[in-house]
Amino acid sequence: MQFKDYIRVIENYPQPGIRFKDITTLLKDGAAYRAAIDALKAKVEHIGVDLIAGPEARGFVIGAPLALALGVGFVPIRKPGKLPGETIEASYNLEYGSDRLAIHKDAIAPGQRVLIADDLLATGGTISTTINLINQLQGEIVGAAFLIELGYLSGREKLENIDIYSLMTY
């Protein structure tokens, strides 16, 4: 299946010069969505995963079905104040400011093998913060899986020593 055929590119969004990769056109097609999750599963099932962690919010729509397909649990990485239990937090820089992510303190046991899943690898800022949180809980990061990788933004270099699995590269 040619997954790029299901991705809508929106010019000049959210600002001039950006070519936004819209995954909602893939998600609304049940067969394409299932095929994408199955293709990601095929790329990662050999690595022995205990948990999948996905950052809010699009990491949920990739990570949760991938966890189900692999028969493992899913750990949401959320914005501060969105998780009901005791959490740890980490901040990261955005193009115009900064943001924070949080995880439950008991979400990952030391030594558990964690795969990070998200829709898109761009500059690597969100995923680096996700890595930081998993490392604080002493989880073992076994890779990161993405529907899309924007190779021209070099996010892969920021995630050195992490195996990257991408379905599409732009």
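The values are calculated or read from the model by the stated rules, or taken from the named source; none is laboratory data. As the structure is a computational prediction, the values presented were derived from the model and not from experiment. Note that each Cβ is placed from the backbone with ideal geometry, even for glycine, and that neighbours are counted across all protein chains shown. Each accessible area value is taken on the protein alone, full model and side chains, heavy atoms only, with ligands, DNA and RNA left out. Shrake-Rupley method; radii C 1.70, N 1.55, O 1.52, S 1.80 Å.
Give the range 20-50 a look and list any residue that's open to solvent by less than 20 Å² (accessible area, probe 1.4 Å) and within 15 Å of L115 (Cβ to Cβ), or say none. If the condition is that a residue be open to solvent by less than 20 Å² (accessible area, probe 1.4 Å) and within 15 Å of L115 (Cβ to Cβ), then I37, L40, V44 are the ones that fit.
Mind checking whether some residue in the range 140-154 is in a loop (DSSP other than H, G, I, E, B) and under 16 Å from L51 (Cα atoms)? Scanning the range 140-154 turns up no residue that is in a loop (DSSP other than H, G, I, E, B) and under 16 Å from L51 (Cα atoms).
For the range 108-121, indicate whether the set of residues that are surrounded by fewer than 19 Cβ atoms within 10 Å (Cβ to Cβ) and more than 21 Å from I47 (Cα to Cα) is non-empty. No: zero hits.
Consider A32 carefully, then state whether it is within 18 Å of the chain's Cα centre (by Cα) and either farther than 20 Å from L150 by Cα or of a type in the set (K, R) (or both). Even if it seems obvious, please write down each step before you answer.
Working: within 18 Å of the chain's Cα centre (by Cα): no; either farther than 20 Å from L150 by Cα or of a type in the set (K, R) (or both): yes.
Judged against the criteria, A32 is not a match.
Per the listing V49, V9, V61, the residue uniquely more than 26 Å from K79 (Cβ to Cβ) and among the β-branched types (V, I, T) is V9.
Taking the criterion of being at pLDDT below 95, touching a Gly at 6+ places or on another chain (Cβ under 9 Å) and either open to solvent by 20 Å² or more (accessible area, probe 1.4 Å) or among the polar types (S, T, N, Q) (or both), the residues of the range 138-169 that qualify are L153, S154, R156, E157, K158. Looking only at the range 20-38, decide whether some residue is part of a strand (DSSP E or B), touching a Phe, Trp or Tyr at 6+ places or on another chain (Cβ under 8 Å) and free of Cβ contacts under 8 Å to residues at least 60 places away in the same chain. The answer is yes; a qualifying residue exists.
Would you say L68 is more than 19 Å from M168 (Cα to Cα) and surrounded by fewer than 17 Cβ atoms within 10 Å (Cβ to Cβ)? It is true that L68 is more than 19 Å from M168 (Cα to Cα) and surrounded by fewer than 17 Cβ atoms within 10 Å (Cβ to Cβ).
Taking each residue of the range 62-87 that is within 14 Å of A107 (Cα to Cα) and aromatic (F, W, Y) and looking for partners that are open to solvent by less than 40 Å² (accessible area, probe 1.4 Å) and part of a strand (DSSP E or B) with beta-carbon atoms closer than 8 Å, six or more apart or interchain, yields F74/L51; F74/I52; F74/A53; F74/G54.
Hey, among the residues in the range 1-18 that are free of Cβ contacts under 8 Å to residues at least 12 places away in the same chain, of a type outside the set (A, V, I, L, M, F, W, C) and open to solvent by 60 Å² or more (accessible area, probe 1.4 Å), which one's nearest to I37 (Cα to Cα)? So the residue we want is Q2.
Please go through the range 64-121 and pick out each residue that is part of a loop (DSSP other than H, G, I, E, B) and charged (D, E, K, R). Correct list: K79, K82, E86, E95, K105, D106.
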